[in-house]
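Structure first, then comments.
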Amino acid sequence: MSSCRGQKLAGGLRAASPFPLCQPAGEPSRGKMRSSCVLLTALVALAAYYVYIPLPGSVSDPWKLMLLDATFRGAQQVSNLIHYLGLSHHLLALNFIIVSFGKKSAWSSAQVKVTDTDFDGVEVRVFEGPPKPEEPLKRSVVYIHGGGWALASAKIRYYDELCTAMAEELNAVIVSIEYRLVPKVYFPEQIHDVVRATKYFLKPEVLQKYMVDPGRICISGDSAGGNLAAALGQQFTQDASLKNKLKLQALIYPVLQALDFNTPSYQQNVNTPILPRYVMVKYWVDYFKGNYDFVQAMIINNHTSLDVEEAAALRARLNWTSLLPASFTKNYKPVVQTTGNARIVQELPQLLDARSAPLIADQAVLQLLPKTYILTCEHDVLRDDGIMYAKRLESAGVEVTLDHFEDGFHGCMIFTSWPTNFSVGIRTRNSYIKWLDQNL
């Protein structure tokens, strides 16, 4: 049936309709539906384009990783817009987003007591696992979270869940340090925080309060936290009052140097989530309160070119052509510039400081370190930092376990619960805790 709104006049004529075309009933709604479908299809295609990135077939749960990466990139873009508008520093805005969606209060369970306190002015979250009947004193891990020295928190769900699992499965006391972040403080203040909190914890009266065995303490951390843990371990070897206080160190995909951003893993994983090379270099510049104008030059190793004398003596300590097995070097070639930008190292001498880059420490320092566990992931720009450190430690006579995951990506160990639960996340966490259980 048709509907025409013109009126019939004498002689069979009709008055002109305000709707010149008479349409079948329901046609406008079908048109709107078609438009909606087209719009929805376009939005889905746009979302798929934003989410999709090419990933190696061997990486764990690739589509889930794409979604995680897209979420993080989206948060970064929002924080960059906030920075551009002059409302806040982009790192403060980004961390506000991260913490807002993941902060967890100090909730205790039947098995693990969780408390927030401070050690010598540094905030910590302490997880006290159940004691073993046959062991009156517990073992302990001092844990330092990752996040590029600028992001995350000991109090977000990911690290709370990790430390709770460690406390329960190891029957241990876990001290998770809430060190201050960029841009509120810069290098070396983060190191000062973790050193101060750890020294306080090692006091006999504090260990006694938490019923901790002073001979069974490990320092550990992931990513930038692994960097701080390695720096702390080295610093303790040079302090007579703290020497031999740590039984173990366990470093999870640690960042250990800023002299060569063209190791095979940096070249292989240049755009791999969730830590592309460009982002890692920016974290370094932020850590030192440097100039973003240096980033592109650093990416091509202009800061450690052959004419930069300050870097010359340190190159052998991270010469990956000799420190990495052929299975990792593959067909990649070193990137060594003949001439570069000496101004970068002059303005950022911290780049050559072993406190920021533990991989370049003297052999005499390395040989004093305790038994070490290093976890590395194939799809991670920092893979070779960990492998080279393992090789240097072994050469110095330190017992090292290198635990490499072929399907792992940077940050995977904290992603163990829905909706960011990855197979490799669960396996890396289990392997890490198993090593601690067997060695601590």
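The values are calculated or read from the model by the stated rules, or taken from the named source; none is laboratory data. Quantities reported herein were computed from a predicted structural model and do not represent experimental measurements. Note that each Cβ is placed from the backbone with ideal geometry, even for glycine, and that neighbours are counted across all protein chains shown. The accessibility values were calculated without ligands, DNA or RNA, using every heavy atom of the protein model including side chains. Shrake-Rupley method; radii C 1.70, N 1.55, O 1.52, S 1.80 Å.
Under the definition of Cα pairs under 8 Å and six or more residues apart, what whole-number percent is the relative contact order of the stretch 270-428? Relative contact order here is 21 percent.
Please identify which residues in the stretch 401-432 have an amide N closer than 16 Å to a label point set 7 Å out from the Cα of ALA326, following the Cα→Cβ vector. It comes to no residues whatsoever. Averaging Cα coordinates gives a centre for the stretch 356-379 and one for the stretch 182-207; these two points are 20 Å apart. Checking the Cα-Cα distances for LYS245/LYS391; LYS247/LYS333; LYS104/LYS282 against a 31 Å cut-off, the pairs over it are LYS247/LYS333. What the phi angles of the stretch 398-403 give under the Karplus curve with 6.51, -1.76 and 1.60, with θ = phi - 60°, is a coupling list of 8, 6, 10, 10, 9, 10 Hz, glycine and proline written as x.
The accessible surface of the chain, taken with every protein chain in place and a 1.4 Å probe, is 57 percent carbon and sulfur. In whole percents, the pair-distance distribution calculated for the stretch 132-266 from its alpha-carbon pairs, binned every 5 Å from zero, is 2, 10, 20, 23, 19, 14, 8, 3, 1, 1, 0. Sequentially through the stretch 109-120, phi angles give Karplus couplings (6.51, -1.76, 1.60; θ = phi - 60°) of 10, 5, 9, 10, 8, 10, 9, 9, 8, 9, 10, 6 Hz, Gly and Pro residues having no value and appearing as x. Given a cut-off of 13 Å, what percent of all Cα-Cα pairs of the stretch 270-330 lie beyond it? When all Cα pairs of the stretch 270-330 are counted, 71 percent exceed 13 Å.
Of all the options GLN235, GLN363, GLN190, the one that moves most in a Gaussian network model of the chain with Cα springs shorter than 10 angstrom is GLN363.
The trypsin sites (Lys or Arg not before Pro) found in the stretch 326-419 that occupy coil by DSSP, while having at most 16 further C-beta atoms within 10 Å, are LYS330. Per-residue ellipticity at 222 nm computed for the chain from its helices equals -12500 deg cm²/dmol, with DSSP H segments shorter than 4 residues left out and the rest contributing -39,500 (n - 2.57). Taken over the stretch 100-157, the convex hull of the Cα atoms encloses 108 Å³ per residue.
Taking a quarter of the surface of the Cα convex hull of the stretch 390-440 gives a mean projected area of 4.3 nm². All other residues whose Cβ lies under 12 angstrom from that of VAL381 are scored, Lys and Arg at +1 and Asp and Glu at -1, for a net of -3.
Answer rounded, prolate or oblate for the stretch 336-440, using the Cα gyration tensor with square roots of eigenvalues a ≥ b ≥ c: rounded when a/c is under 1.5, else prolate when a/b is larger than b/c, else oblate. It is oblate, given that a/c is not under 1.5 and a/b is not larger than b/c. Taking GLY148, GLY86, GLY221 as the candidate residues, the one with maximal mean-square fluctuation in a Gaussian network model of the chain, Cα springs under 10 Å, is GLY86.
Measuring gaps between exposed loop sites in the chain (GluC sites (Glu not before Pro); DSSP loop; at most 15 other Cβ atoms within 10 Å), the longest gap, sites not included, is 135-398.
Over the chain, accessible surface divided per residue gives 46 Å², non-protein components excluded, 1.4 Å probe. Each DSSP beta bridge with both residues in the chain is either parallel or antiparallel, and the antiparallel ones are about 35%.
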